[in-house]
Amino acid sequence: MDGPAIADLKSVTAPLNFLVPMAEKPVAYNYEPPPGVPVRTGESEEHWVKIRDARPLIGQLSLDREGFVLLRHQSAVLNFYDEEEIARVYYPECERVIKEATGAARVVAFDHIVRNAAMSAKGNAIKMPAKRVHDDYTAWSAPQRVRDLMGAEAEELLKHRFAIINLWRPISGPVMESPLVLCDAQSLAEENLIASDLKYPDRTGETYSITYNPNQRYYYFPKMEPDEPVLIRCFDSALTGAARFSGHTGFDDPTSPPGAPPRESLEVRTLVFFRPEG
């Protein structure tokens, strides 16, 4: 979104955390690393950026252009902390929502993260809000996830266009603390996408850490409610005509009231397969 369309939007100015450019490849562990090994390599630096209120743009946003959209959807899930219910009820919901929003031939939900600072503790699966600008998948790791998850179908699926789209939803609201901020994909230069290893006990994935560029444009949806999911396109295999990558993070909103309840959110990751062209 450019020019007059954003000139009059309300905004806040807040610090976001970016990777400091470095010579070696950054590494992060998604589990307790070996003794003496840091959980994450690379330094972060704060930059104060303008974060615009995207609510007036809701009807104009596009996954193909900005890389994110806000939808309306009421979930039937009763307990978002129940892993079984998420897999049984919520994964199919997310698949239906994304299929309808994108026109995809097939959507496969495969992973999720619940975030709540008050409930996160060593030994449980609940995470703190992420507070660094990043993208969950790279040009290498997105096809690799298809190979990891889709078995004998993978190589045929990879011959056609596919994407990885996250569905991010508050599970209580309104969100007053650590809201989600999204980078307009049109303003995200390839030179600022830094491939970074993400180590799991059984495999090594790859994400993009993001370095600062004053041309980047950031948006958020103030006071999000549980019926307001956001779709974030983290990867698209199309080389032209669509936003391929999308930066996002939680941020410390200077307008958050003192004592605001911690943000509770759930992010589901999906493989999105499009119909072959022609």
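The values are calculated or read from the model by the stated rules, or taken from the named source; none is laboratory data. Since we're looking at a predicted model, the values are computed, not measured. Neighbour counts run over all protein chains shown; Cβ positions are idealised from the backbone, glycine included. Keep in mind that these areas ignore ligands, DNA and RNA; they rest on the heavy atoms of the full protein, side chains included. Shrake-Rupley method; radii C 1.70, N 1.55, O 1.52, S 1.80 Å.
At the residue level, Arg65 shows approximately 90 square angstrom of accessible surface with a 1.4 angstrom probe and all protein chains present. On a per residue basis, the stretch 1-53 carries 63 Å² of accessible surface, using protein heavy atoms and a 1.4 Å probe. Spin-label model, Asp202 to Glu190: label points 7 Å out along the Cα-to-beta-carbon direction sit 3.4 nm apart. Give me the percent of accessible area attributable to carbon and sulfur for the chain, probe 1.4 angstrom. Here it works out to 51 percent.
Take each of the peptides 198-206, 130-138, average the number of other beta-carbon atoms within 10 Å over its residues, and list them starting from the highest.
Working: 198-206: 13.1, 130-138: 21.4.
Those peptides, ordered most packed to least, come out 130-138, 198-206.
Helical runs assigned H by DSSP (4 residues or longer) give the chain a calculated mean residue ellipticity at 222 nm of -3000 deg cm²/dmol, each run adding -39500 (n - 2.57) before division by the residue total. Once ligands and nucleic acids are excluded and a 1.4 Å probe is used, how much of Ser11 is accessible, expressed in Å² to the nearest 10? Here the residue's solvent-accessible area equals roughly 50 Å². Net charge in the neighbourhood of Arg269 (other residues with Cβ under 9 Å of its Cβ; Lys, Arg +1, Asp, Glu -1) is -2. Per residue, the Cα convex hull of the stretch 91-245 amounts to 140 Å³.
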